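Reading through the C-alpha cells given below for one structure.
The values are calculated or read from the model by the stated rules, or taken from the named source; none is laboratory data. These figures come from a predicted structure and were not determined experimentally. With ideal geometry, Cβ positions are generated from the backbone for all residues, glycine too; neighbour counts draw on all protein chains shown. Note: accessible area is taken over every heavy atom of the protein model, side chains too, but ligands, DNA and RNA are not part of it. Shrake-Rupley method; radii C 1.70, N 1.55, O 1.52, S 1.80 Å.
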Amino acid sequence: MDISIVIPLLNEAESLPELFAWIKQVMEQNKFSYEVIFIDDGSTDESWQIIEDLRSKHTEVKALKFRRNYGKSAALNEGFALAQGNSVFTMDADLQDSPEELPEMHKMLWDDGFDLVSGWKKKRYDPITKTIPTKLYNWATRKMSGIYLHDFNCGLKGYRNEVVKSVEVYGEMHRYIPVMADKAGYKKIGEKVVQHQARKYGTTKFGLSRFIRGPLDLLSIIFVSKFGKRPMHFFGFYGAIAFVIGFLLTSYVLIDKFIALRIGVSQTLVTDNPLFYLALTMLIVGSQLFMGGFLAELISRNAPNRNNYEISQRIGFE
C-alpha cells in the first residue's frame, strides 16, 4: 500500500464527508493505493455514525472509536500502530489541512530521501490570540530541540512507515514527533510550505494550557532520549558531585574545630557555623539523587506499557 492517512477527530461530523471526498479525489487522481484511518477521540456528536456510513461505501475507510476522550497524542499513537502504508500522513479533520499537499510530500519522502516532512502553515487563518503564542512556542521549541522547523504544531505531516513505528506518542507529545524521530536516529527532516484553510465547521480545540504542558513534554523527551536507558548516569553524576561537596565541607568544618581545640583557641560550636548546614544540605541532596537514580533504574527496567486505551468500536481491523 502506498499511503496511510491517520486522522484524529473530536466532534467533526460536519466536515468528515467533505474531507473524505477530497482525499479520495486526490488519491485517485495520483493513482495511489491508500487507507484512511479515522481515530474518534470520544466524540459526542454524530461523527462515528458518519464514519460507519463512509465505511459502508468505501473499503478504504478504517476507524477506531475511543470510549472517552484521551487526546490527540493517544489517537495518533493508535493510528500509527495500525498504519500499513509506505508513507504515513497525519492531518486534522477540520478541513484546514489540504489533501492536495500529500502527493508532493510523498515525493519528498521517497524521491528526495526525507524520513519525515513537516508542513509549514506560512500564511495562517487563525485569530491573533492563537498565532502569536504559536510563534513564541515554535521559537522556544527550536531553541530547546535544535531542530529548525517553522511550525512544529502543524497537523499535516508525512513519515516513512518505519519512523512512526519507532516513536511512542503520549501526553501532549504529538507536537514533538520530529524531535522524537530525530532522537531515534531519523535525521533527514524536511519542511514544506502548505496551504492553510479557514475553519469551515465547528469550533477550534485550541487551549492555552498546551503552552504549559507542551514545554514540559519537550523537556521529558530531551531527558528521556538521553538518559531514559541509563537514568543513574544523570542522577548519580550530580548526586556524586553534591555528596563530595558536602563531604569536603564537613571535613573542613570538623578539622577546623579540632585544630582550634588542639591549640586552645576559643571557637563557636560546629552547629553555629553556616558551612555546617550547607554541608549537611549537600549530603542530603546527594543521597536523594542517588536514591532517585536507583529508583529510576528499577522503573526503566520494569515499566509497563503506558499506552493502554479503552476502545469501544473498530471498523476495518477485524
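Distances between every pair of Cα atoms in the stretch 78-201, grouped in 5 Å steps from 0 to the bin holding the largest one, split as 2, 11, 21, 25, 21, 14, 5, 1 percent.
Computed FRET efficiency, Cβ-Cβ of ASP112 and GLN84, R0 30 Å: what is it to the nearest 0.05? Walk me through the intermediate numbers first.
Values: r = 23 Å, r/R0 = 0.76.
Between ASP112 and GLN84 the formula returns 0.85.
Each of MET291 and LYS123 was given a label point 7 Å from its Cα along the Cα-to-Cβ line. The distance between the two points is 6.0 nm.
Using the Cβ atoms and a cut-off under 9 Å, what net charge is assigned to the surroundings of ARG68, where Lys and Arg are +1 and Asp and Glu are -1? Write out the running numbers ahead of the final one.
Details: positive: ARG67; negative: ASP41, GLU310.
Value of the local net charge: -1.
The modelled label-to-label distance between LYS187 and LYS57, using points 7 Å beyond Cα along the C-beta direction, is 4.8 nm.
Under the rule a/c < 1.5 gives rounded, and otherwise a/b versus b/c splits prolate from oblate, where does the stretch 1-156 land using the Cα gyration tensor? Oblate, since a/c reaches 1.5 and b/c is not below a/b. May I ask for the distance between the Cα centers of the stretch 26-50 and the stretch 54-73, given as a whole number of Å? Between the Cα centres of the stretch 26-50 and the stretch 54-73 lies a distance of 7 Å. The residue among LEU16, GLN29, VAL6 whose Cα reaches farthest toward the positive pole of the charge dipole of the stretch 1-65, with charges on the beta-carbon of Lys, Arg, Asp and Glu, is GLN29. Taking a straight Cα-Cα cut-off under 15 Å and skipping sequence neighbours fewer than 8 places away in the same chain, the aspartates and glutamates within cross-link reach of LYS165 are GLU78, ASP115, ASP182. Report note on the peptides 60-69, 2-11: ranked by the mean count of other C-beta atoms within 10 Å, highest first, their order is 2-11, 60-69.
Taking all protein chains into account, the per residue accessible area for the stretch 60-175 stands at 40 Å² (1.4 Å probe).
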